[in-house]
Structures are given as structure tokens and as C-alpha cells.
Amino acid sequence: MNPRRKQRLMAVSAILLLLSGAVGAMLYALQENVDLFYTPTQLLEGFGKDKIKPVPGQRLRIGGMVVPGSVKRDESTLKVSFDLVDTGPIVTVHYEGILPDLFREGQGIVAQGTLLDATNIEATEVLAKHDEEYMPPEVAEAMKGIKHVPPAKTYPGKTYPATSAPVAPAAAEVQQ
């Protein structure tokens, strides 16, 4: 083989090797930053047709409604814990920091954090829904069929005080 062609072949193969290594490193780095979205039901029962459950230590995002009467604040620190519910089971979220101004009981929120065990999440960020009209598509799809009314007062293993939150009339009642 001609020495000049040999040099070109070595240069091209070195460039391709470096390029494939860079792409591989980027894909590996992106894999570490993927946060999957779950609802409390999907978290406990599994996600998708294979019913895949996240493992403790996995980063994730979870969305649901804050259960009225479940918010517990530590008086000496910024630690707060609250329960989230969608249509079934309850998940407890632990957070240390200042909550958004729009955070309140009965409100839809999305929390990002790490799964501690099957029903507890250590959140690093809590986002409150800012408008009744807007909801991220993935949250809207996951929460289809959930009516925005206060959930039942008693859940398996947990009881909450009655709330005086007004319940909006159903659409059929408004039209009459």
C-alpha cells in the first residue's frame, strides 16, 4: 500500500474512533440524567405493560394532588413532608427548602427527587401548577379521569382531618 494512502487511512480511522468514543460518552452521560415521570399509582403498581417499578435510589419525577391535611412542617427547619395521591395509593414526599407560592393542599404538583423506598421520595425540587388551564402533556395524560375534588378522608393506614375546602359543582349541574 502506498505510504500516503496508509497515512490517510490511519487518520480517518483515528477520527472515526474518537468520534464514536465521544458519542458513546455523551450517551452514557445522558443516561445518568434521565428522570422518568410517575404517578403514585404507577410508582407502586409499575409502569407500562411490563409493570416496571423504579428501584430505591433512582431519580424520578412524580406528579399528583397534595392530600388535604397531610402537610407537616418542621418548626425549626425548612423540612416539610406531604402526601400525594392520584386515583389510588398514597406516596409521601419529603422536601427541605422553600415551597412555591402556589403550593397548597388539594393542588396538583410535580416533585423531582430520589426514591427512598416504595412509598417515600426525597424531593430536590417541587413545582406547583400555576394555572388551571395549563398542565404538562405527560401529567395531563397520567391524570386523565381524576376529578379535581378533595380526596376521601381515610386511606389505608392513614386518616386525615376533614377539610372545609369548597367543592366545585360538576359540569352537568352548572348547565341546568
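Read the figures in this text as sums done on the coordinates, not as results from a lab. The model shown is predicted, which means the values in this text are computed figures rather than measured ones. Methodologically, a virtual Cβ is constructed for each residue, glycine included, from the backbone with ideal geometry; neighbour enumeration extends over all protein chains shown.
A few comments on the model shown:
- Of the GluC sites (Glu not before Pro) found in the stretch 56-125, those in coil by DSSP whose Cβ has at most 11 other Cβ atoms within 10 Å are 75.
- Sparsely packed chymotrypsin sites (Phe, Trp or Tyr not before Pro) within the stretch 80-116, loop by DSSP, other Cβ within 10 Å at most 13: none
- Distance between the modelled labels on residue 140 and residue 59, one decimal in nanometres: 2.7 nm (7 Å Cα→Cβ projection).
- Sparse-neighbour loop sites [trypsin sites (Lys or Arg not before Pro); the stretch 1-64; at most 14 other C-beta within 10 Å; DSSP]: 49, 51
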